[in-house]
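Notes to accompany the following structure.
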Amino acid sequence: MINRLLHQHGLDATQIGARQKTFSAVYESDGRYNERKYIESVLQAVSAEGHMVIPTAERLVNDLEQLVWHQDEPFQSTSIFAQWCVMSLAHEHGVKVILDGQGADELLGGYRPYLYHLADVFRSKHPHRFVRELTLTYVRGNEPLRALAKQLIKSIIAHTSPHTYHALQKFRQTKAKQALAKDFIATSRHEDSPVQYHSNLDDLLRNALVENSLPNLLRYEDRNSMAFSIEARVPFLDHRLVEFVLQYSPHLRLYDGWTKWLHRQAMTGIVPSSIAWRRDKVGFETPETTWQRHLLDKRSDLFDRTAYSRSYLDLSVVQNRIAQWMEYGGDTRLIWRWISLEAWLRVWHRVTSISYRDSITPTG
(Lines give C-alpha, C1' and ligand atoms only; values in the text may rest on other atoms or scores of the structure.)
Protein backbone atom coordinates (compact mmCIF):
# COMPACT_ATOMS: atom_id res chain seq x y z
CA MET A 1 0.00 0.00 0.00
CA ILE A 2 2.86 2.36 0.79
CA ASN A 3 4.38 1.56 -2.58
CA ARG A 4 1.14 2.51 -4.32
CA LEU A 5 0.93 5.78 -2.42
CA LEU A 6 4.50 6.66 -3.34
CA HIS A 7 3.73 6.29 -7.05
CA GLN A 8 0.26 7.85 -6.94
CA HIS A 9 1.35 11.02 -5.17
CA GLY A 10 4.68 11.47 -6.92
CA LEU A 11 6.60 12.18 -3.73
CA ASP A 12 9.98 13.86 -3.96
CA ALA A 13 12.56 11.20 -4.74
CA THR A 14 15.32 13.35 -3.22
CA GLN A 15 13.66 12.87 0.17
CA ILE A 16 12.69 9.21 0.04
CA GLY A 17 14.67 7.76 -2.86
CA ALA A 18 13.33 6.41 -6.10
CA ARG A 19 12.08 3.21 -4.47
CA GLN A 20 10.68 2.20 -1.12
CA LYS A 21 13.32 0.77 1.25
CA THR A 22 12.73 -2.23 3.48
CA PHE A 23 14.84 -3.61 6.32
CA SER A 24 14.64 -7.21 7.46
CA ALA A 25 16.42 -9.80 9.60
CA VAL A 26 17.27 -13.10 7.88
CA TYR A 27 19.52 -16.00 8.76
CA GLU A 28 22.13 -18.20 7.13
CA SER A 29 20.59 -21.42 8.45
CA ASP A 30 17.20 -22.75 7.45
CA GLY A 31 14.41 -22.86 9.96
CA ARG A 32 10.91 -21.51 10.58
CA TYR A 33 12.51 -18.27 11.78
CA ASN A 34 14.19 -17.61 8.41
CA GLU A 35 11.56 -15.90 6.23
CA ARG A 36 13.89 -14.76 3.47
CA LYS A 37 11.86 -16.40 0.68
CA TYR A 38 8.70 -14.59 1.76
CA ILE A 39 10.53 -11.28 2.04
CA GLU A 40 11.99 -11.74 -1.44
CA SER A 41 8.56 -12.49 -2.95
CA VAL A 42 7.21 -9.19 -1.61
CA LEU A 43 10.27 -7.26 -2.79
CA GLN A 44 9.89 -8.73 -6.25
CA ALA A 45 6.17 -7.91 -6.37
CA VAL A 46 6.66 -4.21 -5.58
CA SER A 47 10.23 -3.66 -6.84
CA ALA A 48 11.26 -2.30 -3.46
CA GLU A 49 14.85 -1.75 -2.40
CA GLY A 50 15.37 -4.53 0.14
CA HIS A 51 18.09 -4.48 2.77
CA MET A 52 18.77 -7.51 4.96
CA VAL A 53 20.88 -8.10 8.03
CA ILE A 54 22.00 -11.45 9.40
CA PRO A 55 22.07 -11.33 13.23
CA THR A 56 24.65 -13.77 14.57
CA ALA A 57 25.56 -15.37 17.87
CA GLU A 58 28.90 -13.56 17.76
CA ARG A 59 27.21 -10.18 17.43
CA LEU A 60 24.84 -11.05 20.27
CA VAL A 61 27.83 -11.68 22.53
CA ASN A 62 29.45 -8.40 21.45
CA ASP A 63 26.32 -6.20 21.54
CA LEU A 64 24.51 -7.69 24.53
CA GLU A 65 25.56 -5.21 27.18
CA GLN A 66 25.03 -2.20 24.90
CA LEU A 67 21.59 -3.53 24.00
CA VAL A 68 20.77 -4.11 27.67
CA TRP A 69 21.91 -0.57 28.47
CA HIS A 70 19.38 0.85 26.02
CA GLN A 71 16.55 -1.49 27.05
CA ASP A 72 17.26 -0.64 30.70
CA GLU A 73 15.61 -3.84 31.94
CA PRO A 74 15.87 -7.60 31.38
CA PHE A 75 13.91 -8.72 28.33
CA GLN A 76 12.14 -11.93 27.46
CA SER A 77 13.71 -13.22 24.26
CA THR A 78 16.44 -12.69 21.68
CA SER A 79 13.90 -11.35 19.19
CA ILE A 80 14.71 -7.98 20.80
CA PHE A 81 18.28 -8.43 19.58
CA ALA A 82 17.11 -9.22 16.03
CA GLN A 83 15.06 -6.01 16.04
CA TRP A 84 18.14 -4.15 17.34
CA CYS A 85 20.06 -5.36 14.28
CA VAL A 86 17.29 -4.22 11.93
CA MET A 87 17.28 -0.73 13.47
CA SER A 88 21.06 -0.59 13.16
CA LEU A 89 20.76 -1.50 9.48
CA ALA A 90 18.20 1.24 8.84
CA HIS A 91 20.46 3.73 10.60
CA GLU A 92 23.39 2.71 8.37
CA HIS A 93 21.29 3.70 5.36
CA GLY A 94 20.41 7.12 6.77
CA VAL A 95 16.75 6.35 7.46
CA LYS A 96 15.13 8.43 10.20
CA VAL A 97 11.50 7.22 10.15
CA ILE A 98 10.29 3.67 9.57
CA LEU A 99 6.89 2.01 9.36
CA ASP A 100 6.46 -1.15 11.39
CA GLY A 101 3.76 -3.82 11.57
CA GLN A 102 3.38 -3.95 15.35
CA GLY A 103 -0.20 -4.39 16.55
CA ALA A 104 -1.72 -6.24 13.60
CA ASP A 105 -1.57 -9.62 15.32
CA GLU A 106 -2.97 -8.38 18.61
CA LEU A 107 -5.74 -6.45 16.88
CA LEU A 108 -6.70 -9.04 14.28
CA GLY A 109 -5.98 -12.36 15.98
CA GLY A 110 -2.72 -13.38 14.34
CA TYR A 111 -1.14 -15.61 16.98
CA ARG A 112 -3.44 -18.60 16.56
CA PRO A 113 -5.79 -17.93 19.49
CA TYR A 114 -7.78 -20.98 18.43
CA LEU A 115 -8.58 -22.19 21.92
CA TYR A 116 -10.62 -19.07 22.68
CA HIS A 117 -12.26 -18.93 19.27
CA LEU A 118 -13.20 -22.61 19.30
CA ALA A 119 -14.37 -22.39 22.90
CA ASP A 120 -16.59 -19.42 21.94
CA VAL A 121 -18.12 -21.48 19.13
CA PHE A 122 -18.47 -24.52 21.42
CA ARG A 123 -20.33 -22.48 24.02
CA SER A 124 -22.68 -21.11 21.37
CA LYS A 125 -24.26 -24.61 21.28
CA HIS A 126 -24.26 -24.87 17.50
CA PRO A 127 -22.63 -28.29 17.01
CA HIS A 128 -22.56 -28.11 13.21
CA ARG A 129 -20.76 -24.76 13.26
CA PHE A 130 -18.33 -26.03 15.87
CA VAL A 131 -17.43 -29.13 13.82
CA ARG A 132 -17.00 -26.92 10.74
CA GLU A 133 -14.73 -24.43 12.53
CA LEU A 134 -12.67 -27.20 14.13
CA THR A 135 -12.24 -28.95 10.79
CA LEU A 136 -11.32 -25.77 8.89
CA THR A 137 -8.97 -24.66 11.64
CA TYR A 138 -7.17 -27.98 11.38
CA VAL A 139 -7.01 -27.83 7.57
CA ARG A 140 -6.06 -24.16 7.17
CA GLY A 141 -4.33 -23.36 10.39
CA ASN A 142 -1.42 -25.77 10.02
CA GLU A 143 -1.98 -26.83 13.62
CA PRO A 144 -1.79 -30.52 14.73
CA LEU A 145 -5.19 -31.92 15.69
CA ARG A 146 -3.84 -33.11 19.04
CA ALA A 147 -2.61 -29.61 19.87
CA LEU A 148 -5.99 -28.14 18.92
CA ALA A 149 -7.80 -30.62 21.13
CA LYS A 150 -5.45 -29.86 24.03
CA GLN A 151 -6.05 -26.12 23.66
CA LEU A 152 -9.80 -26.58 23.46
CA ILE A 153 -9.90 -28.71 26.61
CA LYS A 154 -7.77 -26.15 28.42
CA SER A 155 -10.12 -23.35 27.44
CA ILE A 156 -13.22 -25.30 28.47
CA ILE A 157 -11.63 -26.05 31.85
CA ALA A 158 -10.82 -22.37 32.31
CA HIS A 159 -14.42 -21.43 31.59
CA THR A 160 -16.21 -24.19 33.51
CA SER A 161 -13.78 -24.66 36.41
CA PRO A 162 -11.70 -21.53 37.05
CA HIS A 163 -10.29 -22.98 40.30
CA THR A 164 -8.82 -25.98 38.46
CA TYR A 165 -7.39 -23.71 35.78
CA HIS A 166 -5.80 -21.43 38.39
CA ALA A 167 -4.27 -24.43 40.18
CA LEU A 168 -2.66 -25.66 36.95
CA GLN A 169 -1.25 -22.22 36.18
CA LYS A 170 0.09 -21.82 39.72
CA PHE A 171 1.88 -25.15 39.37
CA ARG A 172 3.68 -23.84 36.28
CA GLN A 173 4.75 -20.72 38.17
CA THR A 174 6.03 -22.83 41.07
CA LYS A 175 8.43 -24.72 38.79
CA ALA A 176 10.00 -21.47 37.57
CA LYS A 177 10.13 -20.13 41.12
CA GLN A 178 12.36 -22.99 42.31
CA ALA A 179 15.43 -21.19 40.94
CA LEU A 180 14.90 -18.12 43.12
CA ALA A 181 17.31 -17.61 46.02
CA LYS A 182 15.74 -18.59 49.34
CA ASP A 183 16.93 -15.39 51.05
CA PHE A 184 15.37 -13.34 48.28
CA ILE A 185 12.04 -15.12 48.69
CA ALA A 186 12.17 -14.73 52.47
CA THR A 187 13.05 -11.03 52.55
CA SER A 188 11.19 -9.68 49.53
CA ARG A 189 7.57 -8.95 48.89
CA HIS A 190 7.67 -11.13 45.83
CA GLU A 191 4.24 -12.06 44.58
CA ASP A 192 3.32 -14.64 41.98
CA SER A 193 2.16 -13.21 38.68
CA PRO A 194 -1.65 -13.11 38.61
CA VAL A 195 -3.22 -15.94 36.65
CA GLN A 196 -4.92 -14.39 33.67
CA TYR A 197 -8.22 -15.79 32.50
CA HIS A 198 -10.07 -14.37 29.52
CA SER A 199 -13.73 -15.12 29.07
CA ASN A 200 -13.65 -15.03 25.27
CA LEU A 201 -11.51 -14.20 22.24
CA ASP A 202 -12.46 -10.54 22.19
CA ASP A 203 -11.44 -10.16 25.83
CA LEU A 204 -8.11 -11.91 25.12
CA LEU A 205 -7.22 -9.66 22.19
CA ARG A 206 -8.30 -6.46 23.94
CA ASN A 207 -6.04 -7.37 26.83
CA ALA A 208 -3.14 -8.14 24.46
CA LEU A 209 -3.71 -4.80 22.76
CA VAL A 210 -3.86 -2.46 25.74
CA GLU A 211 -2.40 -4.25 28.77
CA ASN A 212 -0.32 -7.34 28.19
CA SER A 213 1.54 -8.08 24.96
CA LEU A 214 1.58 -4.94 22.86
CA PRO A 215 2.67 -2.35 25.47
CA ASN A 216 5.79 -4.45 26.13
CA LEU A 217 6.55 -4.86 22.42
CA LEU A 218 6.16 -1.14 21.80
CA ARG A 219 8.51 -0.34 24.66
CA TYR A 220 11.15 -2.70 23.28
CA GLU A 221 10.77 -1.17 19.83
CA ASP A 222 10.94 2.39 21.12
CA ARG A 223 14.16 1.67 22.98
CA ASN A 224 15.72 -0.12 20.01
CA SER A 225 14.73 2.49 17.45
CA MET A 226 15.76 5.50 19.52
CA ALA A 227 19.13 3.87 20.25
CA PHE A 228 19.80 4.58 16.56
CA SER A 229 17.91 7.91 16.39
CA ILE A 230 15.04 6.36 14.43
CA GLU A 231 11.35 7.08 14.85
CA ALA A 232 9.24 3.95 14.46
CA ARG A 233 5.61 4.47 13.45
CA VAL A 234 2.89 1.79 13.63
CA PRO A 235 0.10 2.23 11.03
CA PHE A 236 -1.91 -0.75 12.28
CA LEU A 237 -2.46 1.11 15.54
CA ASP A 238 -4.13 4.09 13.89
CA HIS A 239 -7.01 4.72 16.29
CA ARG A 240 -9.58 4.65 13.48
CA LEU A 241 -8.55 1.16 12.43
CA VAL A 242 -8.45 -0.08 16.02
CA GLU A 243 -11.90 1.33 16.77
CA PHE A 244 -13.35 -0.15 13.56
CA VAL A 245 -12.06 -3.65 14.30
CA LEU A 246 -13.06 -3.60 17.98
CA GLN A 247 -16.52 -2.15 17.43
CA TYR A 248 -17.73 -3.40 14.08
CA SER A 249 -15.81 -6.45 12.96
CA PRO A 250 -14.51 -8.59 15.87
CA HIS A 251 -16.37 -11.57 14.36
CA LEU A 252 -14.28 -11.27 11.18
CA ARG A 253 -10.87 -11.72 12.82
CA LEU A 254 -11.09 -15.52 12.80
CA TYR A 255 -13.37 -17.00 10.17
CA ASP A 256 -13.57 -20.35 8.37
CA GLY A 257 -10.36 -21.48 10.02
CA TRP A 258 -8.36 -18.42 8.94
CA THR A 259 -6.66 -16.09 11.39
CA LYS A 260 -6.70 -12.37 10.51
CA TRP A 261 -9.42 -13.10 7.94
CA LEU A 262 -10.42 -9.45 7.56
CA HIS A 263 -6.81 -8.46 6.99
CA ARG A 264 -6.24 -11.21 4.43
CA GLN A 265 -9.33 -10.14 2.49
CA ALA A 266 -8.21 -6.51 2.48
CA MET A 267 -4.73 -7.40 1.19
CA THR A 268 -5.87 -9.76 -1.57
CA GLY A 269 -4.55 -8.42 -4.85
CA ILE A 270 -2.15 -6.06 -3.08
CA VAL A 271 0.41 -8.52 -1.73
CA PRO A 272 1.22 -11.92 -3.29
CA SER A 273 -1.27 -14.68 -2.48
CA SER A 274 1.54 -16.70 -0.93
CA ILE A 275 1.72 -13.96 1.70
CA ALA A 276 -1.94 -12.96 2.04
CA TRP A 277 -3.09 -16.56 2.45
CA ARG A 278 -0.05 -18.05 4.13
CA ARG A 279 -1.06 -20.72 6.64
CA ASP A 280 1.88 -20.94 9.03
CA LYS A 281 2.25 -18.13 11.51
CA VAL A 282 5.76 -17.29 12.69
CA GLY A 283 6.48 -14.57 15.21
CA PHE A 284 9.65 -12.50 15.08
CA GLU A 285 11.65 -15.59 15.96
CA THR A 286 15.38 -16.24 16.06
CA PRO A 287 17.67 -19.30 16.28
CA GLU A 288 17.55 -18.72 20.02
CA THR A 289 18.76 -22.14 21.15
CA THR A 290 21.89 -21.99 18.99
CA TRP A 291 22.63 -18.43 20.09
CA GLN A 292 22.27 -19.21 23.77
CA ARG A 293 24.53 -22.24 23.55
CA HIS A 294 27.20 -20.09 21.88
CA LEU A 295 26.80 -17.31 24.44
CA LEU A 296 27.03 -19.68 27.40
CA ASP A 297 30.14 -21.28 25.91
CA LYS A 298 31.76 -17.87 25.46
CA ARG A 299 30.63 -16.48 28.81
CA SER A 300 31.19 -19.34 31.21
CA ASP A 301 31.56 -16.76 34.00
CA LEU A 302 27.94 -15.59 33.78
CA PHE A 303 26.73 -17.65 36.73
CA ASP A 304 29.89 -18.28 38.71
CA ARG A 305 30.15 -17.28 42.37
CA THR A 306 30.71 -13.60 41.43
CA ALA A 307 27.45 -13.36 39.47
CA TYR A 308 25.41 -10.29 40.33
CA SER A 309 22.23 -12.35 40.15
CA ARG A 310 23.32 -14.41 43.16
CA SER A 311 21.15 -12.22 45.38
CA TYR A 312 18.07 -13.23 43.40
CA LEU A 313 18.80 -16.67 41.96
CA ASP A 314 19.94 -19.92 43.54
CA LEU A 315 23.07 -20.28 41.41
CA SER A 316 23.47 -23.99 42.11
CA VAL A 317 19.97 -24.62 40.76
CA VAL A 318 20.62 -22.33 37.80
CA GLN A 319 23.92 -24.02 36.96
CA ASN A 320 22.32 -27.48 37.13
CA ARG A 321 19.36 -26.40 34.99
CA ILE A 322 21.68 -24.85 32.40
CA ALA A 323 23.85 -28.00 32.30
CA GLN A 324 20.73 -30.10 31.77
CA TRP A 325 19.49 -27.72 29.09
CA MET A 326 22.84 -27.79 27.28
CA GLU A 327 22.72 -31.60 27.29
CA TYR A 328 19.05 -32.36 26.69
CA GLY A 329 17.30 -29.09 25.76
CA GLY A 330 14.23 -27.78 27.53
CA ASP A 331 12.77 -24.38 28.43
CA THR A 332 14.92 -22.05 26.31
CA ARG A 333 12.99 -18.94 27.31
CA LEU A 334 13.59 -19.57 31.01
CA ILE A 335 17.34 -19.90 30.42
CA TRP A 336 17.31 -16.62 28.47
CA ARG A 337 15.52 -14.81 31.30
CA TRP A 338 18.35 -15.75 33.64
CA ILE A 339 20.97 -14.62 31.11
CA SER A 340 19.15 -11.35 30.51
CA LEU A 341 18.83 -10.69 34.24
CA GLU A 342 22.55 -11.27 34.83
CA ALA A 343 23.53 -9.08 31.87
CA TRP A 344 21.25 -6.27 33.04
CA LEU A 345 22.56 -6.42 36.61
CA ARG A 346 26.14 -6.18 35.35
CA VAL A 347 25.37 -3.13 33.25
CA TRP A 348 23.35 -1.54 36.05
CA HIS A 349 26.17 -2.11 38.55
CA ARG A 350 28.74 -0.59 36.20
CA VAL A 351 26.64 2.48 35.42
CA THR A 352 25.73 3.16 39.05
CA SER A 353 29.39 2.84 39.99
CA ILE A 354 30.33 5.74 37.73
CA SER A 355 30.54 9.15 39.36
CA TYR A 356 27.72 11.51 38.37
CA ARG A 357 30.29 13.99 37.09
CA ASP A 358 31.54 11.47 34.55
CA SER A 359 30.01 11.07 31.12
CA ILE A 360 27.82 7.97 30.81
CA THR A 361 27.95 6.48 27.34
CA PRO A 362 26.00 3.58 25.82
CA THR A 363 29.11 1.42 25.94
CA GLY A 364 29.46 2.00 29.68
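The values are calculated or read from the model by the stated rules, or taken from the named source; none is laboratory data. Model, not experiment: these values are computed from the prediction. Cβ: placed from backbone, ideal geometry, glycine included. Neighbour counts: every protein chain shown. Accessible surface areas use protein heavy atoms only, side chains included; no ligands, DNA or RNA. Shrake-Rupley method; radii C 1.70, N 1.55, O 1.52, S 1.80 Å.
Before moving on, here are some points about what is shown:
- The chain: radius of gyration over Cα atoms, expressed as a fraction of 2.2 N^0.38 Å: 1.10
- Span-rule helices in the chain, defined as complete DSSP H runs reaching 18 Å or more along the axis (Cα) with Kyte mean at least 0.5: 79-92, 145-160
- Accessible surface for H70 stands near 30 Å², nearest 10, in the context of the full protein assembly shown (1.4 Å probe).
- Excluding ligands, DNA and RNA, the accessible surface per residue across region 240-335 is 56 Å² with a 1.4 Å probe.
- Of L296, L67, G269, farthest towards positive along the dipole that unit charges on Lys, Arg, Asp, Glu beta carbons give the chain: G269
- Mean-position separation - Cα centroids, region 319-341 and region 230-271, in angstrom: 37 Å
- Candidates Y308, G141, A18 compared by Cα position along the dipole of the chain: farthest toward the positive end lies G141, with charges placed on Cβ.
- Restricting attention to the chain, close to 20% of DSSP beta bridges with both partner residues there are antiparallel.
- In the chain, the portion of solvent-accessible area held by carbon and sulfur atoms comes to 53 percent [1.4 Å probe, whole percent, DNA, RNA and ligands not counted].
- Hull shadow area, averaged, region 231-364 [alpha-carbon convex hull, nm²]: 14.3 nm²
- Sum of -39500 (n - 2.57) over DSSP H runs of 4+, divided by residues of the chain (222 nm, nearest 500): -17500 deg cm²/dmol
- In terms of packing, defined here as the mean over residues of other Cβ atoms within 10 angstrom, the peptides 286-293, 80-87 line up highest first as 80-87, 286-293.
- Region 23-167 - accessible surface per residue (Å², probe 1.4 Å): 51 Å²
- Ordered by solvent-accessible area of protein heavy atoms (1.4 Å probe), largest first, the residues L302, L134 come out as L134, L302.
- Using alpha carbons only: equivalent-ellipsoid semi-axes of region 183-291, gyration tensor based, whole Å: 31, 21, 17
- Links that overshoot a 29 Å alpha carbon limit, given the list K150/K298; K125/K154; K125/K177; K96/K298: K150/K298; K125/K177; K96/K298
- The alpha-carbon of K260 sits under 19 angstrom from the alpha-carbons of these lysines, leaving out residues fewer than 8 places away in its chain: K281.
- Gaussian network model of the chain, Cα within-10 Å springs - most flexible of Y33, Y138, Y328: Y328
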